[in-house]
Every structure is written in C-alpha cells, then in structure tokens.
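Q: Handing you this structure, nothing more for now.
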Amino acid sequence: MITMDNIIREGNPTLRAVAKEVTVPLADEDITLGTEMMEFLHNSQDPVKAEELGLRGGVGLAAPQLDISKRIIAVHVPSGDLENPEPTLSAVMYNPKILSHSVQDACLGEGEGCLSVDREVPGYVVRHNKITLSYVDAAGVKQKIRLKNYEAIVVQHEIDHLNGVMFYDHINAENPYALQDGVLVIE
C-alpha cells in the first residue's frame, strides 16, 4: 500500500528526470503499480482512511513521485455533484501523450498543489483548457479521450511529472498572478 512515506519530495532528482515509456504488453509489475496508485488516490479522498493513514488528499499521482521513472499516471477526480457521485475522470494511464490542445488557456483560481511539494506556492499555473490525449489502459488497450477544464488541468499536471516539470515552473516568477488576456480562470 502506498502512503505519504513512499512519495518523494521536491529536490529529489527523479522529479526532474524524463521518465521512460513502459513496454506494451504491460508487465505485471506495471499493472500492479497502477492499481496501487489508484488505491492511494481513493484512500486519500476518503476522510476516514486519509486520517487513519496520514494521507494528504490528491486527485492525481505520477510514478516518478514514487521514485519510479516510468510513464504511468493515475487520476481520480471526484464528482462535486451529490446526485451523481460517479467521478468525472478515473483512470490509470500508461504512456499518456497529449496529441492536441486548445488555443484557449486556463488556470485554477486557487492555484495548484502537489503531493511532492510540502509548501504553498502562490500563483496561477496556466495550462491548456482542452486536450486530446492517448494512453494505454491497464488491459493494454490504446485509448483516446478529450478532456477540458479541471480534468484537463489535472492530467497536464501529472504528465508534467513524467517530463521532469513541476507545477511552479509555470508560475510567472515576477508577477505570480499575472494573466494574459483571454485566460479562463476556473474556480
């Protein structure tokens, strides 16, 4: 079971390395890792389990955050709708790749955080509002999906980890809350 003790923090060189693609068909160890990453996200979003295990809540996790330099991410975005509690996005993605993106950019009004960063970093993290991406699922089947708004931002944050990029690399150092005209702020 993955806990906060397994998550490496900023400063570890693995977080700045470009991760290697996983081979397809997927190895059993890669499938198991993906399952454990998703289990961590589920546990981190369950208030009782999170407190019991000392977990910070998360909607995404990338293998490099576990000091494993492989192109594997897990994302689990819960629904904010009580009548429809199904998550808006829940997937383990192997070798995810952004195929195209919108001209429209967006950022989260509250900024971003990261399980590998134990400090608050204020500022807007500007990303693409819509993306089309491909990935291999746990069954070894190639998938292609379109995402927008919050879900697109979460996936871009996790793919950044596969490329050695941290969220605060996107923040304008001189003026953290500066935005170009037309950037959508998602509250």
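Q: Along the charge dipole of region 11-74, which of 53, 31, 14 sits closest to the positive end, that is, farthest toward it, with unit charges on the beta carbon of Lys, Arg, Asp and Glu (+1, +1, -1, -1)?
A: Highest projection toward the positive end goes to 14.
Q: Roughly what percent of Cα-Cα pairs across region 87-127 reach past 14 Å?
A: Details: 561 of 820 pairs.
Tail of the P(r) past 14 Å holds 68 percent of the pairs.
Q: Can you run phi through the Karplus equation (6.51, -1.76, 1.60; θ = phi - 60°) for region 170-186 and list ³J(HN,Hα) in whole Hz, with x for Gly and Pro?
A: Coupling constants for region 170-186: 8, 7, 5, 5, 7, 9, x, 10, 6, 9, 6, 4, x, 6, 7, 9, 8 Hz.
Q: Through the Karplus equation 6.51 cos²θ - 1.76 cosθ + 1.60, θ set to phi - 60°, convert the phi angles of region 61-75 into ³J(HN,Hα) values in whole Hz; use x for Gly and Pro.
A: Once rounded to whole Hz, the list reads 8, 10, 3, x, 5, 9, 6, 10, 7, 10, 7, 9, 10, 10, 9.
Q: So if each residue of separation counts as 0.36 nm, and I subtract the Cα-Cα distance between residue 121 and residue 51, what length gain in nm does that give?
A: Numbers: separation 70, 0.36 × 70 = 25.20 nm, distance 2.39 nm.
Length gained between residue 121 and residue 51: 22.8 nm.
Q: In addition: Evaluate the relative contact order of region 4-185 (contact order divided by residue number), counting alpha-carbon pairs under 8 angstrom at least 6 apart; express in whole percent.
A: Working: 350 pairs, mean separation 44.9, N = 182.
Relative contact order, region 4-185: 25 percent.
Q: 5 Å is the cut-off here: which amide hydrogens, built 1.01 Å from N in the peptide plane, fall below it relative to residue 88, excluding neighbours closer than 5 in sequence?
A: 77, 79
Q: Only residues of region 17-56 count here: report those whose backbone N is under 17 Å from the spot 7 Å along Cα→Cβ of residue 90, or say none.
A: Residues 34-50 fall inside that zone.
Q: Let me ask you something else. So what's the convex hull volume per residue for the Cα atoms of region 103-151, in Å³?
A: On the way: hull volume 4.5 nm³, N = 49.
Cα convex hull per residue, to the nearest whole number: 92 Å³.
Q: Which entries in the list 97/144; 49/70; 97/130; 97/148; 70/148 go over 18 Å, if you measure between the two C-alpha atoms of each? The partial results should precede the final answer.
A: Values: 97/144 10 Å; 49/70 27 Å; 97/130 14 Å; 97/148 15 Å; 70/148 25 Å.
In this structure, 49/70; 70/148 lie more than 18 Å apart at Cα.
Q: Nothing charged except the Cβ atoms of Lys and Arg (+1) and of Asp and Glu (-1): what's the magnitude of the dipole of the chain about its Cα centre? Round to the nearest 20 debye.
A: Values: 15 positive and 28 negative charges, 154 e Å.
In total the dipole reaches around 740 debye.
No lab work stands behind these numbers, since they all come straight from the coordinates. Quantities reported herein were computed from a predicted structural model and do not represent experimental measurements. Cβ atoms come from the backbone with ideal geometry, glycine included; neighbour counts cover every protein chain shown.
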